[in-house]
1. Any idea which of (1) farther than 20 Å from Q110 by Cα; (2) without any contact (Cβ under 8 Å) to a residue 24 or more places away in the chain is the one W80 doesn't satisfy?
2. Looking only at the range 166-223, count how many residues are crowded, with 18+ Cβ neighbours inside 10 Å and over 25 Å from the mean Cα position of the chain (by Cα).
3. G79 - would you say it is under 20 Å from the mean Cα position of the chain (by Cα) and assigned to a loop (DSSP other than H, G, I, E, B)?
4. Among the residues of the range 204-219, which ones are touching a residue at least 60 places away in the same chain (Cβ under 8 Å) and not charged (D, E, K, R)?
5. Considering each of Q171, Q158 in turn, give the residue that is out of contact with any Pro (no Cβ under 8 Å at 6 or more places or on another chain) and either in the same structural domain as L129 (by TED's automatic domain parsing) or polar (S, T, N, Q) (or both).
6. Quick check on the range 104-156: of everything there that is of a type in the set (D, E) and in contact (Cβ under 8 Å) with a residue 12 or more places away in the chain, which residue is surrounded by the fewest Cβ atoms within 10 Å (Cβ to Cβ)?
Amino acid sequence: MKQIALDIGLPSGPTMENFYAGPNLAAVQHLELWLGDKISAQERRSPVPTYYWGPAGSGKTHLLKAAREALREQGARVGWMDASMHNAPEYSESWAAVLMDDVHRYTGAQQQQAFSWFVHAHTMQRPVLAAGELAPIELDLREDLRSRLGWGHIFGLQLLSEVERRAVLRQAADARGVFLSDEVMDFMLTRFARDLGYLMELLEQMDGYSLQSKRAITIPMIKAMMENK
């Protein structure tokens with residue numbers, strides 16, 4: 001299959017600014033307050049852990065990656081672990097925070113490492129941000145890790161409605177200078193996974209292919225793009 005170059009167009013990495021809160025406003029406001037600014041953040045940032053949970057596509061990973069990027073912009077180093085990492089590093093005292101994604105998928109070894117990170121973070125008074133698809137009480141994890149994930153602030157994230165997904169796609173397309181007709185929007189929402197993260201990646205691919213092929217974004221263009229993947 002022909003591979004499409006996708007590094008065309010505006011960068012679209014997860015940030016706090018490009019996260020559409022919708023029904024998850026309280027979770028976003030908590031994280032914005034937690035992140036604070038470079039000068040006062042360390043004084044205000046609570047060491048009490050925060051845990052986000054909800055179905056795939058509800059924005060958990062977006063929020064964690066946005067937090068990681070915001071902390072890096074403040075000049076802070078962070079520890080990051082997700083289920084794809086099978087050789088996570090040992091805890092570092094230089095970390096300003098620990099972020100753990102997809103905890104519901106952690107292997108036994110990853111759970112051991114996550115628990116070790118929790119213990120060290122608590123000792124150093126460093127905060128932990130974590131996310132998984134299930135509420136803490138439902139997680140099939142070792143009890144000492146599960147109980148720590150459920151100890152602090154807990155936010156259940158909800159999926160956006162179709163109207164809200166349309167609004168997000170329209171906003172993202174406008175930011176790229178891309179016109180999405182109602183027909184194209186309907187096609188995207190009915191023919192592809194409705195996971196917002198997937199739809200945003202699809203928009204990025206469409207933008208890149210449109211620029212590459214010098215074609216407007218239409219349903220025939222999308223079909224041609226998919227055939228050339």
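1. W80 satisfies all of (1) farther than 20 Å from Q110 by Cα; (2) without any contact (Cβ under 8 Å) to a residue 24 or more places away in the chain except (1).
2. Residues meeting the conditions: 4.
3. Numbers: under 20 Å from the mean Cα position of the chain (by Cα): yes; assigned to a loop (DSSP other than H, G, I, E, B): no.
Against the criterion (under 20 Å from the mean Cα position of the chain (by Cα) and assigned to a loop (DSSP other than H, G, I, E, B)), G79 does not qualify.
4. Of the residues in the range 204-219, the ones touching a residue at least 60 places away in the same chain (Cβ under 8 Å) are 204-205, 207-209, 211-212.
Selection gives Q205, G208, Y209, L211, Q212.
5. Q171
6. Restricting to residues being of a type in the set (D, E) and in contact (Cβ under 8 Å) with a residue 12 or more places away in the chain, the top hit is D140.
The values are calculated or read from the model by the stated rules, or taken from the named source; none is laboratory data. If you're wondering where the values come from, they're calculated on a predicted model, not measured in any experiment. Methodologically, a virtual Cβ is constructed for each residue, glycine included, from the backbone with ideal geometry; neighbour enumeration extends over all protein chains shown.
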